[in-house]
Number of protein chains: 2
Amino acid sequence: MTIEQLNASDEYRVRIFKALADHTRLQIIRTLKGSLTELNCGEVGERCEASKSNASYHFRTLREAGLILVRKEAQTKYIQLHQETFDTYLPGFLDSL
Amino acid sequence: MTIEQLNASDEYRVRIFKALADHTRLQIIRTLKGSLTELNCGEVGERCEASKSNASYHFRTLREAGLILVRKEAQTKYIQLHQETFDTYLPGFLDSL
DNA sequence: TAAGTTGTTCAATAGTCATAGAACTATTAT
DNA sequence: ATAATAGTTCTATGACTATTGAACAACTTA
């Protein structure tokens, strides 16, 4: 099933809400939202007090829900919020966070 | 912990998102949103194709997340969306559903 | 090339969630 | 009283989730 097909269905909504239904992932989102500079996985994980593998697990969950975007540069991966998904499925949510 | 204290914290957000992260519960919300007349538990459960005990389980989850309100009349319980919670934590969500 | 950095994947584990059916409570109607 | 109706709670079960540490892969630098 493509992302386009998922978008139209409850399954995608469920995936988004599952991704948001976790304290660590909310912290990750809050960290990304609040940072003035671009952050990599390690920096975000550290600020959220998650172990390396645990942080990676949460990044995958967020990425598969379309909530973050990842840019790779050498061995480092930089993360940012996928604003469009929030705008479409959760208008106003980021502001309330 | 009171609802007032929960409101201020991530824990309440997590509870809300967990409550929304299920297909049956999204259907319940959609059913309540779309109905012109007041519906009771049995009617909602039937329209969402959930067994009696399963529907009751989902109603509890939604109620504990503050997403529905229940009014008892004789042996029947009527359910409605708790609009205020949606307005506060999920502005625009019901419209997008 | 060897060592260091950054991040992912695997395997194991403990905890939570969704589901069904049976038993139960509360209320109404005969 | 008895039976019928509307929901809830209990028990068991299978599936999924979050977490950790170890092993791995990719890239950089000494």
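Summary of computed values
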| item | result |
| --- | --- |
| Label point 7 Å beyond Cα along the C-beta direction, distances from B:SER53 to other copies (nm, shortest first) | 3.7 |
| Label 7 Å beyond Cα on the Cβ vector: A:THR76 copy-to-copy distances, nm | 6.5 |
| Relative contact order (%) - chain A, alpha-carbon pairs under 8 angstrom, separation at least six | 26 |
| About the Cα centre, charge dipole magnitude for region A:54-97 (Lys/Arg +1, Asp/Glu -1 at Cβ), debye | 300 |
| Per-residue HN-Hα couplings for region A:26-38 [Karplus 6.51, -1.76, 1.60; θ = phi - 60°; Hz; x = Gly/Pro] | 5, 5, 4, 4, 5, 4, 5, 5, x, 7, 7, 9, 6 |
| Distance violations [Cα-Cα > 27 Å] among B:LYS33/B:LYS77; A:LYS18/B:LYS33; A:LYS18/B:LYS77; A:LYS33/B:LYS33; A:LYS18/B:LYS72 | A:LYS18/B:LYS77; A:LYS33/B:LYS33; A:LYS18/B:LYS72 |
| Interface area, B with A, accessible, probe 1.4 Å, both sides summed, Å² nearest 100 | 1500 |
| For A:HIS23, solvent-accessible area (1.4 Å; no DNA, RNA or ligand), Å² | 90 |
| Table column - 3J(HN,Hα) (Hz), region B:83-94, Karplus curve with 6.51, -1.76, 1.60, x for Gly and Pro | 3, 4, 5, 4, 4, 6, 9, 9, x, x, 5, 4 |
| Amide proton proximity set for A:LEU39, modelled H, under 5 Å, gap of 5+ | A:ILE79 |
| Shape category assigned to region A:29-76 from the gyration tensor of Cα positions, a/c cut at 1.5 | rounded |
| Average accessible area per residue (Å²) across the protein assembly as shown - probe 1.4 Å, nucleic acids and ligands excluded | 57 |
| 3J(HN,Hα) from dihedral phi, region A:10-16, Karplus parametrisation 6.51/-1.76/1.60, rounded to Hz, x for glycine, proline | 4, 4, 5, 4, 4, 4, 4 |
| Heavy atoms of B:GLU73: accessible area, 1.4 Å probe, square angstrom to 10 | 90 |
| Protein accessible area in the protein assembly as shown, 1.4 Å probe - carbon and sulfur % | 46 |
| Under 15 Å, Cβ to Cβ, from A:CYS41 - net charge with Lys/Arg +1 and Asp/Glu -1 | +3 |
| Listed residues A:THR88, B:LEU39, B:LEU94: farthest to the positive end of the dipole of the protein assembly as shown (Cβ charges) | B:LEU39 |
| Computed accessible area, A:ASP10, all protein chains, 1.4 angstrom probe, square angstrom | 20 |
| Magnitude of the charge dipole, region A:3-96, Cβ model with Lys/Arg +1 and Asp/Glu -1, debye to 20 | 260 |
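The values are calculated or read from the model by the stated rules, or taken from the named source; none is laboratory data. Here the structure is a predicted model, which means the values were calculated and not measured. Positions of Cβ are generated from backbone atoms using ideal geometry, with glycine treated the same way; all protein chains shown enter the neighbour counts. The area values use the complete protein model at the heavy-atom level, side chains included, leaving out ligands, DNA and RNA. Shrake-Rupley method; radii C 1.70, N 1.55, O 1.52, S 1.80 Å.
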